[in-house]
Protein chains: 2
Amino acid sequence: MGKRETDSKGAESPVRFSVDRSSPVPLYFQLSQQLETAIETGKLAPGSLLGNEIELAGRLGLSRPTVRQAIQSLVDKGLLVRRRGIGTQVVHSQVKRPLELSSLYDDLEAAGQKPATRVLLNTTTEATAEIAAALGIAEGAEVALVERLRFTHGEPVAHLRNHLPAGLIDLSTERLEETGLYRLMRAAGITLHSARQAVGARAATVEEGERLGEPEGAPLLTMQRTTFDDTGRAVEFGSHVYRASRYAFEFQLLVRP
Amino acid sequence: MGKRETDSKGAESPVRFSVDRSSPVPLYFQLSQQLETAIETGKLAPGSLLGNEIELAGRLGLSRPTVRQAIQSLVDKGLLVRRRGIGTQVVHSQVKRPLELSSLYDDLEAAGQKPATRVLLNTTTEATAEIAAALGIAEGAEVALVERLRFTHGEPVAHLRNHLPAGLIDLSTERLEETGLYRLMRAAGITLHSARQAVGARAATVEEGERLGEPEGAPLLTMQRTTFDDTGRAVEFGSHVYRASRYAFEFQLLVRP
DNA sequence: CCGACGTGATTGTCCGGACAATGTGACCTC
DNA sequence: GAGGTCACATTGTCCGGACAATCACGTCGG
């Protein structure tokens with residue numbers, strides 16, 4: 001298919017933006033949200049120019065740095081591309097989410113599935129050497145241990161095993177069956193910052209097969225993840241197993257030059 | 001007057017930074033690189049404060065916006081955390097790479113392995129419906145097709161199959177055996193922008209097992225990836241298979257609030 | 001003794017301007 | 001007509017300043 005599209009550059013600012021100076025929401029954020037909405041709804045066509053920053057600033061009654069800040073945030077999101085001497089263009093690829101640190105629960109819910117959780121285990125134990133190393137605590141220290149089965153449409157999808165430092169949050173089995181672990185942590189005031197992940201595959205053991213409804217030797221997706229909050233403290237270590245026949249990781253990622 | 005004696009912040013600047021105004025390298029970038037180096041080498045200890053922006057600007061002979069720009073770039077990388085009223089802290093978790101869009105070749109090379117490539121196929125073919133949809137071209141259109149085996153230490157690690165729009169770059173078999181595909185594309189002036197990936201697992205077929213030295217039914221990691229350049233054009237569709245016993249995806253990701 | 005309050009420190013937001021670097025397109029020369 | 005040259009448009013970088021928002025901590029009052 002031809003890449004060339006009708007370069008109708010005549011369409012000058014079909015979209016009207018405005019900011020509310022009495023709002024506590026930062027001006028650049030108001031603008032970036034309006035821009036993002038216009039892009040997502042197609043009001044700003046892919047490939048179209050955005051109009052130069054100075055004129056845009058003048059039209060909105062903002063300064064150029066403020067407009068630049070708004071634009072930059074969308075460039076960081078991958079929605080816009082700046083070209084010196086040309087202007088700022090709307091990227092016309094299907095950018096969705098640049099791989100958020102989301103729980104499986106959120107993933108499934110976003111995919112329109114209705115996730116359910118069965119808590120198999122909710123207790124405390126002593127950290128093994130592996131767990132202690134991942135969480136940065138002493139071997140033998142007390143840690144919370146949660147094992148869950150995650151279902152969609154009544155079918156098991158994954159077996160989730162999580163270790164958390166003792167006393168970090170209150171893990172009620174009821175709430176664990178209602179929502180995802182990350183939501184509970186965020187609700188407890190923990191600000192997640194980064195995670196280190198490893199994704200691999202292996203054959204199912206007999207026990208794993210029984211739990212997940214797969215035969216022995218069936219391929220399973222594995223993920224191990226250590227999550228850190230913004231102080232650098234490890235707040236969670238997860239060791240998860242997914243049915244490869246039912247689940248795959250899908251994500252979008254951006255290039256940061 | 002009741003001057004404050006608790007001047008604890010004064011002892012917080014053991015590192016000296018400097019900028020070269022005659023260099024064509026932007027000042028904020030010079031500073032951010034020096035900061036990054038200081039963090040990586042441990043000269044700036046994890047958890048330590050950075051000294052407030054105004055003082056830092058004055059010490060370097062820069063303006064505060066410039067210093068802020070340098071700091072912000074490292075905050076975006078996950079190396080620093082800003083706290084209003086407190087200061088800017090060095091994160092003390094082991095941040096490595098926030099999941100770049102890298103080729104397997106670069107991954108292996110960075111891991112200290114010595115990757116080798118054998119080109120199995122380097123030709124053109126007609127796009128199937130799946131390929132056409134992934135690349136956004138017409139079904140039956142001509143596409144380049146490359147199949148490679150990737151080795152480390154003489155052992156096969158992955159089987160890579162790539163489809164590219166016809167005529168995008170010149171795919172010489174020799175260069176494909178020397179380096180990775182992404183490097184060739186970048187060298188051809190293509191600026192990679194984003195990619196959509198799916199990672200899953202499945203059991204090896206007989207043929208796959210023979211190619212990779214695994215028995216039939218062995219678990220394999222699979223990845224499908226469509227890569228886009230900054231105009232939104234799809235430049236590559238890859239369908240890859242990795243030996244799960246020899247390879248796993250490892251990466252770090254950041255939370256973008 | 002303990003909580004409310006204020007104060008200082010620091011980052012967050014915003015402004016207006018200046019010049020540099022870069023890519024496009026028209027113009028000019030050969 | 002082909003190719004190089006130059007003006008123009010646009011983003012990139014940088015400055016100096018101003019005020020607001022937020023957090024830690026010491027002080028004061030109950």
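The values are calculated or read from the model by the stated rules, or taken from the named source; none is laboratory data. From a predicted model like this one, the values you see are computed outputs, not experimental measurements. Heads up, the Cβs are rebuilt from the backbone with ideal geometry, glycines too, and the neighbour counts pull from every protein chain shown. These accessible areas exclude ligands, DNA and RNA; they are computed on the full protein's heavy atoms, side chains included. Shrake-Rupley method; radii C 1.70, N 1.55, O 1.52, S 1.80 Å.
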Checklist outcome for this item: Each label sits 7 Å from Cα toward the beta-carbon; between B:Ser63 and A:Thr191 the label points are separated, in nm, by 2.8 nm
Checklist entry - Shortest first, in nm, what separates the label point of B:Gln33 from those of the same position in the other copies (7 Å along Cα→Cβ)? => result 3.9
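Grab the DSSP H runs of the protein assembly as shown that are 4 residues or longer, score each as -39,500 (n - 2.57), total them, divide by all residues and round the 222 nm result to the nearest 500 deg cm²/dmol.
On the way: 16 runs with 140 residues, N = 514.
Value at 222 nm, helices only: -7500 deg cm²/dmol.
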Next on the checklist: Just to be sure I understand the interface: list residues from the range A:233-257 that lose 10 Å² or more of accessible area between the chain on its own and the complete protein assembly, 1.4 Å probe.
Outcome noted: A:Ala244, A:Ala248, A:Phe249, A:Glu250, A:Phe251, A:Gln252, A:Leu253, A:Leu254, A:Val255, A:Arg256
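Say R0 is 56 Å: what FRET efficiency, to the nearest 0.05, do A:Arg118 and B:Val206 get from their beta-carbon distance?
Numbers: r = 38 Å, r/R0 = 0.67.
Efficiency computed from Cβ-Cβ geometry: 0.90.
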Checklist entry - log₁₀ I(q)/I(0) of the protein assembly as shown at q = 0.09, 0.11 Å⁻¹, via Debye over equal Cα point scatterers, no solvent, to two decimals? => result -0.80, -1.19
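What does the charge count near B:Gly154 come to, summing +1 for each Lys or Arg and -1 for each Asp or Glu among other residues with Cβ under 13 Å from its Cβ?
Details: positive: B:Lys114, B:Arg118, B:Arg150, B:Arg246; negative: B:Glu155.
My count for the surroundings of B:Gly154 gives +3.
Stick to the Cα atoms of the range A:3-90, pair each with every other, and give me the Kirkwood hydrodynamic radius in Å at one decimal.
Numbers: mean 1/r = 0.0748 Å⁻¹.
Result for the range A:3-90, one decimal place: 13.4 Å.
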Item to check | Virtual spin-label span in nm between A:Ile86 and B:Ser18, 7 Å along Cα→Cβ | outcome: 4.0 nm
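How much length is gained if the chain between A:Lys43 and A:Asp170 is pulled fully straight, taking 0.36 nm per residue apart and subtracting their Cα-Cα distance, in nm to one decimal?
Working: separation 127, 0.36 × 127 = 45.72 nm, distance 4.55 nm.
Full extension from A:Lys43 to A:Asp170 adds 41.2 nm.
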Checklist entry - Excluding A:Ala187 itself, what net charge comes from residues whose Cβ is under 13 Å from its Cβ, given Lys and Arg +1 and Asp and Glu -1? => result +1
Checklist entry - Between B:His153 and B:Glu55, how many nm apart are label points set 7 Å from Cα along the C-beta direction? => result 5.1 nm
Item to check | Shielding of A:216-224 by partner chains, average beta-carbon count, 10 Å | outcome: 5
Item to check | Inter-copy label distances at B:Gln72 (7 Å, Cα→Cβ; nm, one decimal) | outcome: 0.2
Next on the checklist: Using a 7 Å offset from Cα along the direction of the beta-carbon, what are the separations from B:Ala198 to the same position in each other copy, nm, ascending?
Outcome noted: 2.7
